[in-house]
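Engineer: This is the structure I have questions about; it appears just below.
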Amino acid sequence: MKTNAYAAQNATTPLAPFSFERRKVGKHDVQIEILYCGVCHSDLHTVRSEWSRATYPCVPGHEIVGRVVKVGKDVNRFKEGDKVGVGCMVDSCLACANCKENLEQFCEKGAIFTYNSPDKYTGGITYGGYSESIVVDKEFVLKIPKNLDLATTAPLLCAGITTYSPLRYHNVTKGQKVGVVGLGGLGHIGVKLAKALGAYVVVFTTSPSKVEDALRLGADEVVNSKNEDEMQKHLNSFHFILDTVSAKHDINAYLLLLRRDGNLTQVGIPSEPLLLSVSSLIFGRRSMSGSLIGGIKETQEMLDFCGKHNVTADIELIPIQNINEAYNRLLKSDVKYRFVIDMASLKQTV
């Protein structure tokens, strides 16, 4: 099935129109017309081969929302016309210990990611959501709550689950004090989710211009992390801190804000190693951990939670023809707070 898309041909050229063959719908498959696709910073990292060597041509996109157009004969949970989503994974072994615990992202044989992963069906690589349609195994398709706007829901498929999973794993509940470091694509959703869970939410930012926005998004308090006096006021007080920053920063300054047995979870991936002083952990029995998206069951739980609490992303909707400009703006953090592609614009290219 010929599919139109945008792809990078190498690490230095702009994304441009591209077409390829999607597999035919098998008995366990769902074919989805893609309506919207979020633009994740990891799309940019992958396209430019900054994390690991990418395979080209590369069609990015793993924040996919669309409409079911066809299902295989063994698919009962989805039907034509359903509004559905596809996140960062499209397959895993489903048989290892991690998969059986609904942690497919940690599949022992390696999760198959939505793009730039080995494709067992075609023998090539997977192509993502910057395209007009996708065919996905039914086990990796998610239901979108009917009350949620589709365009603003798209970033939940990566940014939403990336922030929701650690909040749930560390049992953030009503009355706890939660910090969110950085107010970007991840952080702004983290604020909304922590607030919906009932926490007292404090945003840490180095940008005075973001104070008003942080409060609008639900923060109870905003701290300028460059101001030592403001930081000192919060020593030993946080149950949980979600660190979304992907730049080099002083992690110890935040660890000291945790109360006894508090946890800081890192979800941003800095380009350089962070310098950790173990005394920041030892005194107070504090812990630091990392977190990677979530399994399919938890991602559906996140979507249902967002439906119940009307949580979606703040977005700027763009046509696919503006994707290279969006990447350049993404490098400058010039977006509030996620770009989402209106995939109807792809029809103007072909």
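The values are calculated or read from the model by the stated rules, or taken from the named source; none is laboratory data. Computed from a prediction, not measured in an experiment: that's the story for all the values here. Virtual Cβ from ideal backbone geometry, glycine too; neighbours counted across all protein chains shown. Note: accessible area is taken over every heavy atom of the protein model, side chains too, but ligands, DNA and RNA are not part of it. Shrake-Rupley method; radii C 1.70, N 1.55, O 1.52, S 1.80 Å.
Engineer: What number of residues within the stretch 137-157 are open to solvent by 30 Å² or more (accessible area, probe 1.4 Å) and closer than 15 Å to Thr114 by Cα?
Structural biologist: 2
Engineer: Another one. Taking the conditions exactly as written (more than 26 Å from Leu346 (Cβ to Cβ), assigned to a loop (DSSP other than H, G, I, E, B) and open to solvent by 60 Å² or more (accessible area, probe 1.4 Å)), does Lys79 satisfy them or not?
Structural biologist: For Lys79, the condition - more than 26 Å from Leu346 (Cβ to Cβ), assigned to a loop (DSSP other than H, G, I, E, B) and open to solvent by 60 Å² or more (accessible area, probe 1.4 Å) - is not met.
Engineer: Another question about this same structure. Just checking, how many residues over the stretch 46-63 are open to solvent by less than 20 Å² (accessible area, probe 1.4 Å) and either at pLDDT below 90 or over 12 Å from Tyr130 (Cβ atoms) (or both)?
Structural biologist: Of the residues in that region, 1 qualify.
Engineer: Moving on to the next point. I'd like the full set of residues that are open to solvent by less than 40 Å² (accessible area, probe 1.4 Å) and either out of contact with any strand residue (DSSP E or B) (no Cβ under 9 Å at 6 or more places or on another chain) or among the polar types (S, T, N, Q) (or both), limited to the stretch 12-40.
Structural biologist: Within the stretch 12-40, just Gln31 meets the criteria.
Engineer: Related question: Quick one: count up the residues across the stretch 300-350 that are of a type in the set (Ser, Thr, Tyr), in contact (Cβ under 8 Å) with a residue 60 or more places away in the chain and either open to solvent by 30 Å² or more (accessible area, probe 1.4 Å) or in a helix (DSSP H, G or I) (or both).
Structural biologist: 3
Engineer: Under 8 Å by Cβ, and 6 or more places apart or on different chains, what pairs join a residue from the stretch 120-134 that is under 11 Å from Ile34 (Cβ atoms) and free of Cβ contacts under 8 Å to residues at least 60 places away in the same chain with one that is in a loop (DSSP other than H, G, I, E, B) and open to solvent by less than 60 Å² (accessible area, probe 1.4 Å)?
Structural biologist: Between residues of the stretch 120-134 that are under 11 Å from Ile34 (Cβ atoms) and free of Cβ contacts under 8 Å to residues at least 60 places away in the same chain and residues that are in a loop (DSSP other than H, G, I, E, B) and open to solvent by less than 60 Å² (accessible area, probe 1.4 Å), there is no close pair.
Engineer: Name the residues in the stretch 1-46 that are more than 27 Å from Glu139 (Cα to Cα) and either in contact with a Cys (Cβ under 7 Å, 6 or more places away or on another chain) or assigned to a strand (DSSP E or B) (or both), would you?
Structural biologist: Result: Ala8, Ala16, Pro17, Phe18.
Engineer: Within the stretch 242-286, which residues are of a type in the set (Val, Ile, Thr) and either open to solvent by 50 Å² or more (accessible area, probe 1.4 Å) or not in a loop (DSSP other than H, G, I, E, B) (or both)?
Structural biologist: Within the stretch 242-286, Ile251, Thr265, Ile269, Val278, Ile282 meet the criteria.
Engineer: Still on this structure, please answer the following. Scan the stretch 82-99 residue by residue and report those that are among the charged types (D, E, K, R) and in a loop (DSSP other than H, G, I, E, B).
Structural biologist: Asp82
Engineer: Please pick out the residue among Ser225, Ser207 that is without any contact (Cβ under 8 Å) to a residue 40 or more places away in the chain and closer than 18 Å to Ile251 by Cα.
Structural biologist: Ser207 is the lone residue from the list that is without any contact (Cβ under 8 Å) to a residue 40 or more places away in the chain and closer than 18 Å to Ile251 by Cα.
Engineer: Considering only the stretch 228-238, state which residues are in contact (Cβ under 8 Å) with a residue 60 or more places away in the chain and either open to solvent by 60 Å² or more (accessible area, probe 1.4 Å) or among the polar types (S, T, N, Q) (or both).
Structural biologist: Ser237
Engineer: Moving on to the next point. Just the residues that are within 30 Å of Ala8 (Cα to Cα) and open to solvent by 30 Å² or more (accessible area, probe 1.4 Å), please, taken from the stretch 82-96.
Structural biologist: Passing the criteria: Lys83, Cys93.
Engineer: Among the residues of the stretch 157-211, which ones are part of a helix (DSSP H, G or I), over 24 Å from Val86 (Cα atoms) and either aliphatic (A, V, I, L, M) or at pLDDT 95 or above (or both)?
Structural biologist: Correct list: Lys195, Val211.
Engineer: Here are the criteria: (1) touching a helix residue (DSSP H, G or I) at 6+ places or on another chain (Cβ under 9 Å); (2) among the charged types (D, E, K, R); (3) open to solvent by less than 40 Å² (accessible area, probe 1.4 Å); (4) within 21 Å of Leu303 (Cα to Cα). Tell me which single one Asp43 does not satisfy.
Structural biologist: (4)
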